[in-house]
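The values are calculated or read from the model by the stated rules, or taken from the named source; none is laboratory data. Everything quoted here is computed from the prediction, not taken from an experiment. Quick reminder, even Gly has a Cβ in these numbers, built from the backbone with ideal geometry, and neighbours come from all protein chains shown. Ligands, DNA and RNA are stripped out before the accessible areas are found, and what is left, the full protein with its side chains, is counted by its heavy atoms. Shrake-Rupley method; radii C 1.70, N 1.55, O 1.52, S 1.80 Å.
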Amino acid sequence: MSLEEIKSRIAKAETDAGRSKGSVTLIAVSKKQRDERVEEVLIAGHRCFGENRVQEAAGKWPDFRQRFDGVDLHIIGPLQTNKARQAMELADAIHSVDRPKLATTIARLAQELGQCPDLFIQVNTGEEDQKAGVLPTDADGFIRDCRDLDLPVKGLMCIPPVTEDASLHFAHLARIAERNGVAGLSMGMSGDFEKAISHGATHVRVGSAIFGERAY
Ligand SMILES: *Cc1c(COP(=O)(O)O)cnc(C)c1O
């Protein structure tokens, strides 16, 4: 599938959901893709990308940024506290704020650096042990604590369990966002981004449907 096809499917999903054109941001997830494929998507004019590892992002994006203007880079994977500074210096958004220690670290670094990326709080809507994110019952309190730290909470993020209907999780995340007055919803991947858009996604994170299978 191509970038153009994904963009037109997003546009159709926006229309079908009665949402305005361009209300959904496509984050092209370039993790573990060959540089040539990423470059093709940059040449096609796309500028918003997602990486799940800081190390990998730091290895390729400074170079791409030298050659392409206006890159908007999102860190979407679990973030270790000791990588927070590097992530904040590199990225325009972090989608994986998921615990108090990380929030306080980001708040301290934001003071020091005089800048902070847009932040999304990850919610573990499926309450899965292996998955990052605050539990749904802790979400309201954590959002409040982040705001008390003056963090720019732009949205919530979730990754539904693979074995369940993603719609329930998208709807749940949307409810948590709504009751907390959070505008952004980072949800939906290659297999379910249209469903996510129908539930109000503002950011979809699409990798393999754009780039093909990842090279592990
Ligand atoms: C890899 C990844 C994606 C993209 O997954 P695809 O199925 O390739 O679209 C989205 N979100 C996160 C957090 C990821 O790690």
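Scan the range 129-144 and tell me whether some residue there is in contact with a Cys (Cβ under 8 Å, 6 or more places away or on another chain) and either under 30 Å from Ile43 (Cβ atoms) or among the small types (Gly, Ala, Ser) (or both). Yes, because at least one residue in the range 129-144 is in contact with a Cys (Cβ under 8 Å, 6 or more places away or on another chain) and either under 30 Å from Ile43 (Cβ atoms) or among the small types (Gly, Ala, Ser) (or both). Looking only at the range 19-36, residues that are more than 14 Å from the ligand (Cβ to nearest atom) and either open to solvent by less than 70 Å² (accessible area, probe 1.4 Å) or of a type in the set (A, V, I, L, M) (or both) come to 4 in all.
For Phe120, the conditions (1) within 15 Å of the ligand (Cβ to nearest atom); (2) in contact with a Phe, Trp or Tyr (Cβ under 8 Å, 6 or more places away or on another chain); (3) part of a strand (DSSP E or B) all hold with the exception of (2).
Is it fair to say Phe211 is in contact with a strand residue (DSSP E or B) (Cβ under 8 Å, 6 or more places away or on another chain), open to solvent by 10 Å² or more (accessible area, probe 1.4 Å) and under 27 Å from Asp72 (Cα atoms)? Full working, then the answer.
Values: in contact with a strand residue (DSSP E or B) (Cβ under 8 Å, 6 or more places away or on another chain): yes; open to solvent by 10 Å² or more (accessible area, probe 1.4 Å): yes; under 27 Å from Asp72 (Cα atoms): yes.
Answer is yes for this residue.
If you go through the range 65-76 one residue at a time, do you hit one that is in a helix (DSSP H, G or I), farther than 24 Å from Ile6 by Cα and within 16 Å of the ligand (Cβ to nearest atom)? There is no residue in the range 65-76 that is in a helix (DSSP H, G or I), farther than 24 Å from Ile6 by Cα and within 16 Å of the ligand (Cβ to nearest atom). May I ask you to list the residues in the range 190-207 that are touching a residue at least 60 places away in the same chain (Cβ under 8 Å) and either within 12 Å of the ligand (Cβ to nearest atom) or crowded, with 24+ Cβ neighbours inside 10 Å (or both)? Of everything in the range 190-207, those that are touching a residue at least 60 places away in the same chain (Cβ under 8 Å) and either within 12 Å of the ligand (Cβ to nearest atom) or crowded, with 24+ Cβ neighbours inside 10 Å (or both) turn out to be Phe193, Ile197, Ala201, His203, Val204, Arg205, Val206, Gly207.
Out of the range 170-184, which residues are touching a residue at least 12 places away in the same chain (Cβ under 8 Å) and open to solvent by 10 Å² or more (accessible area, probe 1.4 Å)?
First, the residues of the range 170-184 that are touching a residue at least 12 places away in the same chain (Cβ under 8 Å): 170-174, 176-177, 179-180, 182-184.
Those that are touching a residue at least 12 places away in the same chain (Cβ under 8 Å) and open to solvent by 10 Å² or more (accessible area, probe 1.4 Å): Ala171, His172, Ala174, Arg179, Asn180, Val182, Ala183.
Quick one: would you say Ile176 is in contact with a strand residue (DSSP E or B) (Cβ under 9 Å, 6 or more places away or on another chain) and assigned to a strand (DSSP E or B)? Spell out how you get there, then give the answer.
On the way: in contact with a strand residue (DSSP E or B) (Cβ under 9 Å, 6 or more places away or on another chain): yes; assigned to a strand (DSSP E or B): no.
Against the criterion (in contact with a strand residue (DSSP E or B) (Cβ under 9 Å, 6 or more places away or on another chain) and assigned to a strand (DSSP E or B)), Ile176 does not qualify.
When Ala107, Ala103, Ala93 are screened for being among the hydrophobic types (A, V, I, L, M, F, W, C), within 19 Å of His203 (Cα to Cα), touching an Asp or Glu at 6+ places or on another chain (Cβ under 8 Å) and touching a residue at least 40 places away in the same chain (Cβ under 8 Å), only Ala93 passes. Taking the range 181-198 as the range and being aliphatic (A, V, I, L, M), assigned to a loop (DSSP other than H, G, I, E, B) and under 13 Å from the mean Cα position of the chain (by Cα) as the test, the residues that pass are Met187, Met189. The listed residues are Arg53, Arg47, Arg34, and the only one of them that is of a type outside the set (Gly, Ala, Ser) and more than 19 Å from the chain's Cα centre (by Cα) turns out to be Arg34.
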